[in-house]
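Participant: The structure that follows is given in the form of C-alpha cells.
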Amino acid sequence: YTDRDIDVSRDASALTGSITIDFGFGEEAARLPSNLLDTTDLEHTTHEFRLSSNDDGALNWVAGVFYSDTERDYSQTLPTAGYDNAIDAANGEGSAADTYVNGFGPNSPFNSELGYDIEQTAVFGEATYSFTDRFNLTIGARWYDFEETRDIIQDGIFSSYADQTDKTESDGFTPRILAAYDISDAVTLNAQASQGFRLGGVNDPLNTPLCSAEDLKIFGGFQDYDDETLWNYEIGMKSMWDRVRLNAAVFYTDIEDLQVTLDAGTCSSRVSFNVEEAHTLGGELELTAYITDDLVLTFAGSVVEAEFDSTVVDGDGNVVGGVEDGNRLASVPEWQFSLGGTYNFGSIFGAEESYVSLWWQAVGDRITQPSDQLSGAGTFQAGRPFAGMTGDEVFTADAELDSYDLVNLSAGLNYDAWDFVVYVNNLTDELALLSFDRERGGTARIGYRVNQPRTYGLTARYNF
C-alpha cells in the first residue's frame with residue numbers, strides 16, 4: 001500500500017507572458033509573476049498470491065494471481081495575481097469571471113483537475129521442465145485485464161473548458177518461452193522470446209486557445225492512442241570460471257504501435273500517438289574479474305540501434321516531428337558502459353572488513369524528442385514583439401544531448417553491527433544534460449534537466 005502526496009511549484013512567468021502577448025493583453029500584463037502549481041495525491045494498493053512447486057523432480061512451476069488498484073488525483077493551477085484585471089481591461093468588465101465555468105479562479109488563467117482510477121487484474125503461470133541434466137525449457141504466460149477511467153475538468157482563459165470522462169480497457173495474453181543448455185558446468189547458453197505490452201489511453205484536451213492554426217492542424221487529430229506491443233528475441237550466454245564471470249547477449253525487439261510523445265508546439269501541450277513499426281537491435285556484455293583475493297573489477301556495456309520503421313505524416317503529407325522511417329528513437333543512447341573496481345584492505349580501525357570502490361559510467365548522446373535530430377532543431381524564434389525585441393530574433397540551443405561521464409568514489413568500514421560508508425558522487429562535478437525541456441515549442445522558454453552536482457555524504461547502518 002502506497003500513499004503519496006507530491007507538490008511541485010515553479011515559475012511559469014515566461015510561459016504565461018508569451019500567451020499574454022499572443023492574446024493582445026499588453027506587455028505590462030505579460031510581466032505579471034505567474035506560478036504553476038502541480039499537486040498529486042496517489043493511493044496505490046497491490047495484492048499478489050503465488051503457489052510454487054517445491055520438489056526435486058524434472059518439472060518445476062509457479063502460478064499466481066495479481067490485482068492492483070491505483071487512484072490518482074492530479075491538479076494544475078496557474079495563480080497569477082492581477083490577471084483578471086488584464087482580461088477585463090482587454091475584453092470588457094466581467095470577462096474574466098466568464099472564463100471560470102467549472103468553479104475555479106480567480107486570477108488563474110489555467111486550471112485542471114484529473115482523476116485517474118486504474119485497475120489491473122492478472123493471472124500468471126510458468127513451468128520449467130528439465131529434459132536432461134543440461135537442457136531446460138521454460139514456458140510461461142500472463143493474462144491481464146486493464147481498466148482506466150479518467151475524469152478531467154478544466155477552465156480558465158488558457159484552457160479547453162473540458163468536463164468529460166474517458167475510459168480505456170484492454171486485456172490479453174503475453175507469453176514467454178526460454179530454452180537453456182549447459183555446455184559445461186561453467187557455461188550456459190540460452191534463447192528466449194517474450195511479448196510485452198503497454199496500455200493505450202486518451203490525451204488531455206489540447207489547449208486550443210493557445211494553438212496556432214498550423215499546430216492545431218497537426219496535433220488536433222491525436223485524441224487517443226492504442227496499446228503498444230512488442231516481441232523481444234534474445235540469445236545469450238552466462239558463464240562462471242574460477243575468477244571470471246562473463247554474461248553476454250544479443251537481442252532484437254519488434255515493436256508495434258510504439259507510443260511516442262511530442263511537444264504540441266504553441267498549444268503548450270504534449271500529445272501521445274502510435275507509430276506503426278519500430279525496432280531495437282543490440283548487444284550487452286557484463287564482465288566481473290577477481291584479479292586477486294582483494295581486487296575485483298567489473299565492466300558492463302551495451303550498444304543499441306533503436307529506430308522507427310514507419311513514418312507518420314499530417315494531412316498535407318508532411319512528416320510529423322521527426323517520426324520517419326530510419327530516424328532514432330528518443331531517449332536511447334547508442335552506447336553506454338560502466339567500469340568499476342573494489343579493493344578490500346581487510347581489518348583496519350578494528351573493522352572486520354574495509355574497502356574502497358571507484359565507479360565510472362559513460363553514456364552516449366541522446367535526443368529528448370524525435371524532432372531533435374532534424375536539421376535546424378534547437379533554433380527558435382519567439383515570433384512576437386516584447387521588451388524592444390521584434391520577435392524575429394533567432395536564438396539557439398543544442399537539442400542533441402551530449403555524451404557524459406560520471407565518477408563515484410566510496411570507502412567503507414564493516415563492523416559486527418555497524419557499517420559506515422563515506423562517498424563522493426559525481427566526483428568530477430560533471431554537468432550532464434539529461435533532457436531538453438521547452439515550452440510552446442521553444443518560443444516561451446527552453447532549458448535542460450540536469451544531474452545532481454558533486455555530492456559528499458556519510459552513511460551509517462546498524463544491523464540487528
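The values are calculated or read from the model by the stated rules, or taken from the named source; none is laboratory data. Since the model is a prediction, treat every value here as computed from it, not as a measurement. Quick reminder, even Gly has a Cβ in these numbers, built from the backbone with ideal geometry, and neighbours come from all protein chains shown. For the accessible areas, the whole protein counts, side chains as well, though only heavy atoms, and no ligand, DNA or RNA atoms are used. Shrake-Rupley method; radii C 1.70, N 1.55, O 1.52, S 1.80 Å.
Participant: Report Rg(Cα)/(2.2 N^0.38 Å) for the range 106-176, keeping two decimals.
Facilitator: Computed over Cα atoms of the range 106-176, the ratio equals 2.03.
Participant: Using a 1.4 angstrom probe, figure out how much accessible area the range 10-141 has per residue, in square angstrom, rounded to the nearest whole.
Facilitator: I get 53 Å² per residue for the range 10-141.
Participant: Let me ask something additional. When only alpha-carbon atoms are used, what values of Rg and Dmax, in angstrom, describe the range 181-256?
Facilitator: 22.9, 68
Participant: Could you state the number of Å between the C-alpha centres of the range 309-348 and the range 1-63?
Facilitator: Between the Cα centre of the range 1-63 and that of the range 309-348, the gap is 23 Å.
Participant: Any idea what log10 I(q)/I(0) is at q = 0.11, 0.12, 0.20 Å⁻¹ for the range 129-279, Debye with uniform C-alpha scatterers and no solvent?
Facilitator: Listed by q, the Debye log ratios stand at -0.64, -0.70, -1.20.
Participant: Which of the listed residues, 207, 222, 241, is farthest toward the dipole's positive end in the range 207-262, when Lys, Arg count +1 and Asp, Glu count -1 at the beta-carbon?
Facilitator: 241
Participant: Just how much of residue 211 is accessible, in Å², when a 1.4 Å probe is used and the result is rounded to the nearest 10?
Facilitator: The accessible area comes out at roughly 20 Å².
Participant: Packing-wise, with mean Cβ within 10 Å as the measure, how do 108-121, 215-228, 235-248, 388-401 rank, highest first?
Facilitator: 108-121, 215-228, 235-248, 388-401
Participant: Which of 423, 162, 376 sits closest to the plus end of the dipole of the chain, meaning its Cα is farthest towards the positive end, when Lys and Arg get +1 and Asp and Glu get -1 on the C-beta?
Facilitator: Checked the options; the winner is 423.
Participant: Let me spell out the model: positive unit charges on the Cβ of Lys and Arg, negative unit charges on the Cβ of Asp and Glu, origin at the Cα centre of the range 1-60. What dipole size does that give, in debye rounded to 20?
Facilitator: Computed about the Cα centre, the dipole is about 180 debye.
Participant: I'd like to know how the range 277-417 sits against the 2.2 N^0.38 Å rule of thumb: what's its Cα Rg over that expected value?
Facilitator: Dividing the Cα radius of gyration by 2.2 N^0.38 Å gives 1.66.
Participant: Between (1) -0.39, -1.20; (2) -0.22, -0.80; (3) -0.35, -0.92, which matches log10 I(q)/I(0) by the Debye sum over Cα atoms at q = 0.06, 0.11 Å⁻¹ calculated for the structure shown?
Facilitator: From the options (1) -0.39, -1.20; (2) -0.22, -0.80; (3) -0.35, -0.92, the structure gives (1).
Participant: Also, quick follow-up: Averaged across orientations, what area in nm² does the convex hull of the alpha carbons in the range 258-306 project?
Facilitator: Directional mean of the projected Cα hull area for the range 258-306 stands at 6.1 nm².
Participant: Size of the range 353-403 along its principal axes in angstrom, Cα-based, largest extent first?
Facilitator: 67, 27, 12
Participant: Rounded to two decimal places and with Rh computed the Kirkwood way over Cα pairs, what is Rg over Rh for the range 1-103?
Facilitator: Ratio value, two decimals: 1.41.
Participant: Hey, how many Å between the Cα centroid of the range 217-284 and the Cα centroid of the range 377-455?
Facilitator: 24 Å
Participant: Would you list the P(r) distribution for the range 310-367, with all Cα-Cα distances sorted into 5 Å bins from 0 and each bin expressed as a whole %?
Facilitator: With a bin width of 5 Å, the distribution comes to 4, 14, 13, 10, 10, 8, 7, 7, 6, 5, 5, 5, 4, 2, 1.
Participant: Using the Cβ atoms and a cut-off under 9 Å, what net charge is assigned to the surroundings of residue 17, where Lys and Arg are +1 and Asp and Glu are -1?
Facilitator: In short, 0.
Participant: DSSP loop GluC sites (Glu not before Pro) in the range 1-95 with at most 15 other Cβ atoms within 10 Å of their Cβ, which ones?
Facilitator: 93
Participant: Next question. When the helix-only estimate is applied to the chain (DSSP H runs of n ≥ 4, each -39,500 (n - 2.57), divided by the residue count), what is the mean residue ellipticity at 222 nm, nearest 500 deg cm²/dmol?
Facilitator: Calculated mean residue ellipticity at 222 nm is -1500 deg cm²/dmol.
Participant: If you don't mind, there's one more thing I want to ask. What is the P(r) of the range 339-464, as percent of Cα-Cα pairs per 10 Å bin from 0?
Facilitator: 11, 27, 21, 16, 12, 9, 3, 0
Participant: Still on this model: Please tell me the relative contact order of the range 112-192 in percent, rounded to the nearest whole number, where contacts are Cα pairs under 8 Å and at least six residues apart.
Facilitator: 30 percent
Participant: Would you mind working out the magnitude of the charge dipole of the chain relative to its Cα centre, with +1 at each Lys and Arg C-beta and -1 at each Asp and Glu C-beta, to the nearest 20 Debye?
Facilitator: 1120 debye
Participant: Using every Cα-Cα pair within the range 214-296, state what percent have a distance larger than 15 Å.
Facilitator: Tail of the P(r) past 15 Å holds 70 percent of the pairs.
Participant: Now for a separate question. For the range 240-288, what relative contact order do you get, as a whole percent, if you take Cα pairs closer than 8 Å and at least 6 residues apart?
Facilitator: Contact order relative to length: 49 percent.
Participant: Return a whole-number percent for the relative contact order of the chain, with Cα pairs under 8 Å and 6 or more residues apart as the contact set.
Facilitator: 8 percent
Participant: Using the Kirkwood radius over Cα pairs, work out the Stokes-Einstein diffusion coefficient for the range 152-207 at 37 °C and 0.692 mPa s, in µm²/s as a whole number.
Facilitator: Approximately 201 µm²/s, per Stokes-Einstein.
Participant: In the chain, what percent of the accessible surface is made up of carbon and sulfur (1.4 Å probe, ligands and nucleic acids excluded)?
Facilitator: 53 percent
Participant: With only Lys, Arg, Asp and Glu charged, each at its Cβ (+1 for the first two, -1 for the last two), find how big the charge dipole of the range 245-391 is about the Cα centre; round to the nearest 20 debye.
Facilitator: Charge dipole of the range 245-391: 700 debye, to the nearest 20.
Participant: On a 0 to 90 degree scale, rounded to 10, what angle separates helix 13-22 from the longest Cα axis of the chain?
Facilitator: Value to nearest ten degrees: 40.
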